[in-house]
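Here's the structure, in structure tokens; my notes come after.
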Amino acid sequence: MFAISLGDDGAELRPLEPSHAEEFLTHMNRGREHVGQHIALPDFVTDLDSARSFLTAYAEKTAADAGRIYGIWTGGTLVGGVLFRTMDTTQGTAEAGCWLEPSAVGKGLVTRAARTIIDWAITERSIHRVEWLVSSKNEASIAVARRLGMTKDGVLRQSYAYRGQRHDMEVWSVLAPEWKTLGAGRAS
């Protein structure tokens, strides 16, 4: 398996695979409440079988070229991740996302990891548009979209039913020409 350095602090980006199910569950248990504030990932990963199933589904997406999932490790510990929830190479579109446990917040890890996968998608896979869908209440994730040089396309009002409430979702995106020509997403 490969690992990509995310900087001088020793953080690494690696594929998350079904063989990481136990480590993924342990990580999710550490960050369950924090991660679950805005996304349903902790609701899907509740035990070893569901962790393995979730990672297997992404292994199948990877094999079908329809998505990808990567973990962020610091000091040998899985602390978060980034993914392409969807990826359509025919249409040239992908939806990126992220999560992070509390111990890793505020270190720029998600920005660096997302920058890495977006750059790969645009330069290696000819993805034209990368989207970032985020709850309007998720200020940290919105800040990442801004740091990546994304543009806010709009708000999908009350489009996301989550834990008994309807949430507004913001749509942010970056287009390949912006990423390449303007160097979007490279400022920290």
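Rolling a 1.4 Å probe over the heavy atoms of the protein chains gives the chain an accessible area of 49 Å² per residue. I need the shape label for segment 55-101. Rule: rounded when a/c is under 1.5, else prolate if a/b > b/c, else oblate, with a, b, c from the alpha carbon gyration tensor. Cα axes put segment 55-101 in the prolate bin. Over all distinct Cα-Cα pairs of segment 61-140, the Kirkwood formula returns a hydrodynamic radius of 13.2 Å. The H on the amide N of Asp153, modeled in the peptide plane, is under 5 Å from the matching H of Val171, Trp172, Ser173, each at least 5 residues off or on a different chain.
Shape of segment 1-82 from the C-alpha gyration tensor: oblate (a/c of 1.5 or more and a/b not above b/c, with a ≥ b ≥ c the square roots of its eigenvalues).
Within the same chain, aspartates and glutamates fewer than 8 places from Lys152 are excluded, and of the rest, those with a Cα less than 18 Å from its Cα are Glu95, Glu131, Glu139, Asp168, Glu170, Glu178.
The values are calculated or read from the model by the stated rules, or taken from the named source; none is laboratory data. Only a predicted model underlies this, so the values are computations on that prediction, with no experimental measurement involved. Areas reflect the complete protein model, heavy atoms only, side chains present, ligands, DNA and RNA absent. Shrake-Rupley method; radii C 1.70, N 1.55, O 1.52, S 1.80 Å.
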